[in-house]
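Note sheet for the following structure.
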Amino acid sequence: MNYIKRLDSVFAAKVITLLSLSIFWFFFTFNSSRDEFSHEAASVLKSYVALILLTQFIIIFSLRAASLKKISRSLFPIFSTLNIFSLYITFETNFIQLESGYQLAVLLLAVFIFHAMYQQIAHDPGTRVITPIAAILLALYGGFFPDLKNSPPLQEAPKNIHKVSFNKTPNIYFVSFDSLIPEAVANKYLGLKSIAYPDILRQYKARIFKNAFADAVPTQSSLNSLIALDIGEWKKNQQHPLKYLLGHSNGALYQILKANGYSLNFFYTDHYFGTEKGPYLDNYFTMSNYPHCRFLTKLTQEFGFFGVCHFLKGSLKKKTSSELAQDLLDFCLSKFSSQIKNGSPNFNLAYLISPKHTPKNFVYQKASDLESYKKRFDTNSKSVALQIEALINFVRQKDPGALLFIFGDHGAYMSRRLNHAENMTFIQQDRHGVMAAFYPPQVCAQSFDNPYSQEVVTISQIGLMMIRCLANGQEPLMSPKKMGAEAVKPFLGYQYE
């Protein structure tokens, strides 16, 4: 009888450990991007994962009940490895970047470790108690701790800005392109003598800013720091760094524009940036609710969250980044046209996912990787050129008094996996160096001709200079000189032009 009880306690401890650790791995991954999921999508995903875990339990229990206990016992380390791989490891960049042989070695090592753990549970009463309890605590931590630690967004007014009044309120269009790199960077690191979109900007005589850098990277940080305007203040607010773009926190750019009568609008293809807007953004326009599989690597699409992306393929039309960007541009131009008829000024910020950065497993020193990305970037840059031309023509023909700012969110990330200390010039130019251009060229010339720094310019500084222009020279920041020095400091000495 005691032997049977011990067997039951061993089985229970193993089951609790398997399921609890799997729940922890799921939430550890899910919580890193939980804002991208609607309540419905999150519920479906959680239900799907729960169904898979329940199926695993039924299989193990059925085999045990059928006196196939050896097979049942062997499945614990196998399922544990499968679950940590599908729910966590396959999302990790470091694992994705490994060669397939090393990936297999990692998984075999995981099987060995889990086998040893379950053996210890079977033979040591103390481990049999401690391990499942620890696993349960981890599961509770993963499921509930993010909600406990999330504090309310920063809703107080920014204290680093003046109230400035605009002497004119034209419609403003900020259009950011994914990895819109400068021609000099494309030439230096991709070997492309010319790319299409700078030619279009020059053709229409747009003001192209030399040595422009994104204040922060990647995309979320880049766009949120722009809304915050003051990079120093943004860096201090590490509790809410990504809450500005969708208006959950009160950003300086939004507040200044709102105080001058602007309607604030953000456009993107789907809910990658979050599912809901906050009180400081008027409109959040998207075309789709399903971003979750689109940005994953092939490995993660195949195996992540137990292959859930296979079931979403029917609702996700496979499109290239250029096609997605074009769809969003058409959507934006239609909305822009309807806004003009309303009469009130609008600030429109749109993010188009083209020409696109390198994949996560990109290796710059690998000739095939570099050549593949070079061809893709060259092709996409031609589509981007047409999209920029469409934006300029929209302003020229339908909204001639408007301001158009075109900029990259960050660079191409060709410098992945490189040592920072040994490749700092490459890393700064590649990740932060961006194309930035303003149209019409003659508008705000006086403000742009008096930059905060003579050596380099950042995206947030261009936003500040535009506000200064509309406010008839009034500085929007309390300490513009300090901000100017602080914003450009990381990029001094890394000019690419």
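Overview of results
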| read-out | value |
| --- | --- |
| Hey, residue 356 in contact (Cβ under 8 Å) with a residue 24 or more places away in the chain, in a helix (DSSP H, G or I), basic (Lys, Arg) and crowded, with 16+ Cβ neighbours inside 10 Å or not | no |
| Set 396, 416: member being in the same structural domain as residue 321 (by TED's automatic domain parsing), in contact with a helix residue (DSSP H, G or I) (Cβ under 9 Å, 6 or more places away or on another chain) and charged (D, E, K, R) | 416 |
| Cross-chain or 6+ apart pairs with Cβ under 9 Å, segment 59-78 first and assigned by TED's automatic domain parsing to the domain that holds residue 14, then not acidic (Asp, Glu) and not in a helix (DSSP H, G or I) | 62/68; 72/66 |
| Of all residues in segment 330-352 being touching a strand residue (DSSP E or B) at 6+ places or on another chain (Cβ under 8 Å) and part of a helix (DSSP H, G or I), the one that is nearest to residue 219 (Cα to Cα) | 332 |
| Residue that is modelled with the lowest pLDDT, among those in segment 328-350 that are small (Gly, Ala, Ser) and loosely packed, with under 13 Cβ neighbours inside 10 Å | 343 |
| Output for segment 470-489, where each listed residue is under 25 Å from residue 180 (Cα atoms) and surrounded by fewer than 22 Cβ atoms within 10 Å (Cβ to Cβ) | 484, 485, 486, 489 |
| The lone exception for residue 279 - which of (1) over 24 Å from residue 325 (Cα atoms); (2) surrounded by fewer than 19 Cβ atoms within 10 Å (Cβ to Cβ); (3) under 18 Å from the mean Cα position of the chain (by Cα) it fails | (3) |
| Subset of segment 87-120 (residues that are farther than 18 Å from residue 23 by Cα, assigned to a helix (DSSP H, G or I) and either outside the structural domain of residue 70 (by TED's automatic domain parsing) or under 22 Å from the mean Cα position of the chain (by Cα) (or both)) | 93, 94, 95, 96 |
| Where a residue in segment 271-284 is β-branched (Val, Ile, Thr) and its partner, wherever it lies, is in a loop (DSSP other than H, G, I, E, B), with Cβ under 9 Å and at least six apart | 275/37; 275/38; 275/289 |
| Flag for residue 84 being part of a helix (DSSP H, G or I), free of Cβ contacts under 8 Å to residues at least 24 places away in the same chain, among the β-branched types (Val, Ile, Thr) and under 21 Å from residue 307 (Cβ atoms) | no |
| Checklist (1) within 30 Å of residue 362 (Cβ to Cβ); (2) among the polar types (S, T, N, Q); (3) more than 31 Å from the chain's Cα centre (by Cα) applied to residue 29, failing item | (3) |
| Residue 319 vs. criteria modelled with pLDDT of 80 or more and either basic (Lys, Arg) or in a strand (DSSP E or B) (or both) | no |
| Considering residues of segment 440-455 that are polar (S, T, N, Q) and over 25 Å from residue 400 (Cα atoms) only, the residue surrounded by the fewest Cβ atoms within 10 Å (Cβ to Cβ) | 454 |
| Test: residue 235 is surrounded by fewer than 16 Cβ atoms within 10 Å (Cβ to Cβ), more than 16 Å from the chain's Cα centre (by Cα) and at positive phi | no |
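Per-residue answers, yes or no, for (1) surrounded by fewer than 18 Cβ atoms within 10 Å (Cβ to Cβ); (2) in contact with a Leu (Cβ under 9 Å, 6 or more places away or on another chain); (3) not in a helix (DSSP H, G or I); (4) not basic (Lys, Arg):
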| residue | (1), (2), (3), (4) |
| --- | --- |
| 176 | no, yes, yes, yes |
| 179 | no, no, yes, yes |
| 199 | yes, no, no, yes |
| 215 | no, yes, yes, yes |
| 223 | no, yes, no, yes |
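Yes/no matrix, rows are residues, columns are (1) assigned by TED's automatic domain parsing to the domain that holds residue 340; (2) assigned to a loop (DSSP other than H, G, I, E, B); (3) under 18 Å from residue 159 (Cα atoms); (4) of a type in the set (Val, Ile, Thr):
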residue: 194; (1), (2), (3), (4): yes, yes, no, no
residue: 210; (1), (2), (3), (4): yes, yes, no, no
residue: 246; (1), (2), (3), (4): yes, yes, no, no
residue: 254; (1), (2), (3), (4): yes, no, yes, no
residue: 258; (1), (2), (3), (4): yes, no, yes, no
residue: 261; (1), (2), (3), (4): yes, yes, no, no
residue: 267; (1), (2), (3), (4): yes, no, no, no
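Residue by residue, here is whether (1) among the hydroxyl-bearing types (Ser, Thr, Tyr); (2) out of contact with any Leu (no Cβ under 8 Å at 6 or more places or on another chain) holds:
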position	(1), (2)
423	no, yes
431	no, yes
438	no, no
452	yes, no
464	no, no
476	no, no
486	no, yes
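The values are calculated or read from the model by the stated rules, or taken from the named source; none is laboratory data. Please read all numbers here as calculations on a predicted model, not as lab measurements. All Cβ positions, glycine included, derive from the backbone under ideal geometry; neighbour counts span all protein chains shown.
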